[in-house]
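Peer 1: Got a structure here, written out as structure tokens. Questions coming.
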Amino acid sequence: MTDETLRIDDPNAFPFWEAARRHELAVQRCTQCGHHQFYPRPFCLACDADAPEWVTCSGEATVYSVTTVHLPLIPDVKPPYQVALVTLREGPRLLTGIVGQPCRIGESVTLVWRERADAPPLPCFTAVGEQSA
Ligand SMILES: [Zn+2]
């Protein structure tokens with residue numbers, strides 16, 4: 001995920017970045033049907049109910065698709081690096097950066113945070129076991 005896909009100044013995303021400052025990955029959950037969604041919206045995509053609540057995710061996910069970036073697109077991340085679409089255990093998919101060893105489709109990954117000087121920490125993922133390796 002990048003600032004371009006979920007803007008820090010998007011009012012719908014304020015709770016997301018607030019949680020990120022505490023190193024918590026937050027997504028919305030519908031209070032009527034229980035559907036989890038990301039990106040944040042003022043209503044439930046599944047049943048149209050208003051005012052979904054924010055819940056903290058487990059941080060467990062599976063790589064849905066992954067690509068390697070060879071161009072320097074982000075100033076503070078040196079290529080090559082991987083960008084992946086991961087499926088959170090709670091259901092929503094998140095576009096994110098992979099930290100550490102390259103990941104494969106179907107691989108289990110876990111949440112890590114990339115600190116930034118001028119913005120809230122950015123949620124990234126790393127292969128399960130990578131942290132203790
Ligand atoms: Zn709903």
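The values are calculated or read from the model by the stated rules, or taken from the named source; none is laboratory data. This structure is a prediction, so every number in the text was calculated from the model and none was measured. Don't worry about glycine lacking a Cβ; one is built from the backbone with ideal geometry, like all the others, and counts go over all protein chains shown. The protein model used for the area step is the full one, side chains on, heavy atoms only, and it has no ligands, DNA or RNA in it. Shrake-Rupley method; radii C 1.70, N 1.55, O 1.52, S 1.80 Å.
Peer 1: Per DSSP H run of at least 4 residues, take -39500 (n - 2.57); add these up for the chain, divide by its residues and hand me the 222 nm value, nearest 500 deg cm²/dmol.
Peer 2: -1500 deg cm²/dmol, from helical runs alone.
Peer 1: Which percent of the accessible area of the chain is formed by carbon and sulfur heavy atoms (probe 1.4 angstrom)?
Peer 2: Answer for the chain is 52 percent, counting heavy atoms of protein chains only.
Peer 1: How far apart, in nanometres, would the label points at Ser58 and Arg22 be if each is projected 7 angstrom from Cα along the Cα-to-Cβ direction?
Peer 2: 2.1
Peer 1: Next question. Can you tell me the Rg and the Dmax, both Å, for the Cα atoms in the chain?
Peer 2: When restricted to Cα atoms, the chain yields Rg and Dmax of 14.8, 44 Å.
Peer 1: Further question: Simple spin-label model, 7 Å along Cα-to-Cβ: Thr67 to Gln32 in nm?
Peer 2: Those two pseudo-labels are separated by 3.6 nm.
Peer 1: Ala119 versus Phe43, label points 7 Å from Cα toward the beta carbon: distance in nm?
Peer 2: Going from the Ala119 label point to the Phe43 one covers 3.0 nm.
Peer 1: Okay, moving on. Check Trp54: other-chain or 5+ apart residues with amide H under 5 Å from its amide H, H built from backbone geometry?
Peer 2: Here Arg29 satisfy the definition.
Peer 1: Something else now. For His35, which sequence-distant residues (separation of 5 or more, or a different chain) have an amide H within less than 5 Å of its own amide H, given hydrogens modelled in the peptide plane?
Peer 2: Long-range HN contacts for His35: Cys30.
Peer 1: Just tell me the longest site-free run in the chain, where the sites are GluC sites (Glu not before Pro) in a DSSP loop having at most 15 other beta-carbon atoms within 10 Å.
Peer 2: 5-114
Peer 1: Using the per-residue mean of other Cβ atoms lying within 10 Å as a proxy for protection, in what order, highest first, do the peptides 117-124, 91-98 fall?
Peer 2: Highest-to-lowest ranking by the protection proxy: 91-98, 117-124.
Peer 1: Express the accessible area of region 1-100 per residue in Å², computed with a 1.4 Å probe while the remaining protein chains stay in the model.
Peer 2: Ligands and nucleic acids excluded, the result is 56 Å² per residue.
Peer 1: Can I ask one more? State, to one decimal in nm², a quarter of the convex hull surface area for the C-alpha atoms of region 53-97, i.e. the direction-averaged projected area.
Peer 2: 3.9
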